[in-house]
Amino acid sequence: MLIIKNLYVKIKNNLIIKKLNLKINKGEIHILMGPNGSGKSSLSYTITRKVNYNIYKGKIKFNNKLINKLNTYEVSKLGIFLSFQYPIEIYGITMFNFLKNLFKKNKNKYIKYIFKLCNKLDINKKYLNRYFNYGFSGGEKKKNEILQMLILKPKFSILDEIDSGLDIDSLKIIFNNIKYYIKKKKDSSFLIITHNTNIINYIKPNFIHILYNGKIIKTGNLHLLNKINKYGYKNIINF
Ligand code: ADP
Ligand code: MG
């Protein structure tokens, strides 16, 4: 589904991603971990073709289509979704109007559907009349990201620290909703960026990668996660 080959990314002339290779097949769940500043968010911005994240060398292919030269809108049309580490606030556009526009068809059914999802995510329906993310708490913004994912039903989702800053109840709700989505849409793939190893109690990943200094320096399975927990990144990086 997603193939990244020999990727180098420059932001304002700084090389942020170096020689990165990654292959994510249909239905696979990959976890990406790594110390702060290693380039995890930059990788997600590069895949979703954010401006200024310039591909200097290498290829990104999604379902056999080269996406290097596409813009963000075109990438999202292919079925790629990014849940932001820091979701933005949009003053002047209500949640309801924003979410309504995510529906491609069945526009007449959207109200009932949005309400149903709000219930699942424990989002107060009053929030639908508020401006998009405006003044929302960190956890509320993250729930809003998952709400959009459940509406859009992407083929490939990148979740950038969806679990950071959440209280225990919200964490459970978010993980359970991701789990529910994976169960319902078995051919969808995920790149989950996280520092929270509790995620494996809900979601079983196929691979775990460690990104360090713009490079994937280690790929493994749950054993690698245990090692990270036990020894920290530093020792693994120095191996
Ligand atoms: P992570 O998500 O792994 O914590 P980031 O991808 O956010 O790391 O950042 C990787 C490196 O790239 C950092 O050193 C950061 O300062 C730098 N970087 C990211 N975006 C920009 C930008 N727009 N301009 C300049 N430097 C950036
Ligand atoms: Mg980040």
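The values are calculated or read from the model by the stated rules, or taken from the named source; none is laboratory data. Computed from a predicted model, the values in this text were never measured in an experiment. All Cβ positions, glycine included, derive from the backbone under ideal geometry; neighbour counts span all protein chains shown. The accessibility values were calculated without ligands, DNA or RNA, using every heavy atom of the protein model including side chains. Shrake-Rupley method; radii C 1.70, N 1.55, O 1.52, S 1.80 Å.
Report the FRET efficiency, 1/(1 + (r/R0)^6), for Asn108 and Lys77, where r is their Cβ-Cβ distance and R0 is 22 Å, rounded to 0.05.
About 0.45, to the nearest 0.05.
Taking the Cα of Lys12, stepping 7 Å toward and past its beta carbon, and measuring to each backbone N in the range 25-64: which are under 13 Å?
From the range 25-64, the list is 52-53.
Carbon and sulfur atoms: what percent of the 1.4 Å accessible area of the range 192-231 do they account for? Mind dumping the intermediate values first?
On the way: 1000 of 2160 Å².
Carbon and sulfur: 46 percent of the exposed surface of the range 192-231.
Using only the Cα atoms of the range 139-239, construct the convex hull and provide its projected area averaged over every direction, in square nanometres to one decimal.
On the way: hull surface 27.5 nm².
So the mean shadow area of the Cα hull is 6.9 nm².
Suppose the chain between Lys5 and Asp169 were pulled fully straight at 0.36 nm per residue; how much longer would it get relative to their current alpha carbon spacing?
Difference between extended and current length: 55.1 nm.
Determine the order of Ser76, Ser44 by accessible area, beginning with the largest, at a probe radius of 1.4 Å.
Most to least solvent-accessible, the answer reads Ser76, Ser44.
For the modelled label position 7 Å from the Cα of Thr94 along Cα-to-Cβ, which residues of the range 104-137 have backbone nitrogen atoms closer than 13 Å?
Counting only backbone N, you get 111, 125-132.
What percentage of all Cα-Cα pairs in the range 1-92 are separated by more than 23 Å? Show your work: numbers first, answer last.
Numbers: 890 of 4186 pairs.
Tail fraction, whole percent: 21.
Which number do you get for Rg(Cα) / (2.2 N^0.38 Å) in the range 2-237?
Details: Rg = 17.7 Å, N = 236, 2.2 N^0.38 = 17.5 Å.
Ratio of Cα Rg to 2.2 N^0.38 Å: 1.01.
So, for the range 2-237, what is the accessible surface per residue at a probe of 1.4 Å, expressed in square angstrom?
52
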